[in-house]
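Take a look at the structure set out below.
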Amino acid sequence: MKDLFSEIRGAVMATVALAVVCCGLYPLVVYGIGQVCFKDKANGSLIVDKDGTIHGSSLIGQNFTLEKYFHPRPSSAGNGYDAGNSSGSNLGPTSQKLNDQVKQNIADYRSQNGMDTNAPVPADAVTGSGSGLDPHISLHNAGLQAPRVAKARGIALDKVMDLVQANTDPADLGILGDPGVNVLKLNLALDDLAGAATPAK
């Protein structure tokens, strides 16, 4: 009986010790390192303006449909761009539904951006990412949308392209993948430019 209680006491003490270390100390250490070394990323890479308004995360795409904004990749996450329901369409390459969807996206993209009916369209403009939340579009995609945005806003195309370059993230480690234009950051920068150009009343 004495040996049994000894075993139980050892098991209880080990459980308490592991609970303190794994459920208390370890999370606190990881949280502290994150807040000190990677504060922006640890807190969701939120985009906050001077007034403290949160516009979203630089890591999560949002839907923009007005002519004066750059449009993101299509999304199948929930009803679109739902961070709580990240997913792709799960439609395979032989799916007629996917084929029809992409054809419609191509036609819409050409129409929105004043392109010829047989003009090539970037793949990222008409197909969703695996997560449905990709915040980036390709430089080629942004370049094709830029004239529409410049015309809708009544500003020079050069200014729009300068903002595209300023809001382009480089390839990871300089070699992994391609540079990507952050759509949310770019559209906010365009709104800031429009606000700065508005005369004071």
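The values are calculated or read from the model by the stated rules, or taken from the named source; none is laboratory data. Quick caveat, the model's predicted, so the values are computed rather than measured. We place every Cβ from the backbone using ideal geometry, glycine too, and count neighbours over all the protein chains shown.
Computed values, structure above
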| read-out | value |
| --- | --- |
| Among the candidates 187, 118, residue that is loosely packed, with under 11 Cβ neighbours inside 10 Å and not acidic (Asp, Glu) | 118 |
| Count of the range 90-145 residues which are among the hydrophobic types (A, V, I, L, M, F, W, C), assigned to a helix (DSSP H, G or I) and under 24 Å from residue 178 (Cα atoms) | 8 |
| Residue satisfying all of: in the range 3-51; part of a helix (DSSP H, G or I) and among the charged types (D, E, K, R); farthest from residue 184 (Cα to Cα) among these | 3 |
| For residue 87: the one exception among (1) part of a loop (DSSP other than H, G, I, E, B); (2) within 17 Å of the chain's Cα centre (by Cα); (3) within 19 Å of residue 68 (Cα to Cα) | (3) |
| Residue 101 over 24 Å from residue 56 (Cα atoms), at pLDDT below 95, within 23 Å of the chain's Cα centre (by Cα) and not β-branched (Val, Ile, Thr) | yes |
| Residue selected from the range 65-98 under the condition closer than 16 Å to residue 128 by Cα and charged (D, E, K, R), by the criterion modelled with the lowest pLDDT | 82 |
| Counted residues, the range 138-150 - those being touching a residue at least 12 places away in the same chain (Cβ under 8 Å), surrounded by 18 or more Cβ atoms within 10 Å (Cβ to Cβ) and out of contact with any Phe, Trp or Tyr (no Cβ under 7 Å at 6 or more places or on another chain) | 5 |
| Only listed residue being free of Cβ contacts under 8 Å to residues at least 60 places away in the same chain, more than 22 Å from residue 109 (Cα to Cα) and in contact with a helix residue (DSSP H, G or I) (Cβ under 6 Å, 6 or more places away or on another chain), chosen from 77, 42 | 42 |
| Test: residue in the range 46-55 that is farther than 21 Å from residue 171 by Cβ, acidic (Asp, Glu), surrounded by fewer than 17 Cβ atoms within 10 Å (Cβ to Cβ) and out of contact with any strand residue (DSSP E or B) (no Cβ under 9 Å at 6 or more places or on another chain) | yes |
| Any hit, the range 70-84, residues being exposed (fewer than 10 other Cβ atoms within 10 Å of the Cβ), more than 24 Å from the chain's Cα centre (by Cα) and more than 30 Å from residue 161 (Cβ to Cβ) | no |
| Only listed residue being under 23 Å from residue 193 (Cα atoms), touching a Phe, Trp or Tyr at 6+ places or on another chain (Cβ under 8 Å) and surrounded by 14 or more Cβ atoms within 10 Å (Cβ to Cβ), chosen from 155, 60 | 60 |
| Given (1) within 26 Å of residue 57 (Cβ to Cβ); (2) of a type in the set (Val, Ile, Thr); (3) surrounded by 11 or more Cβ atoms within 10 Å (Cβ to Cβ), index of the condition residue 175 fails | (3) |
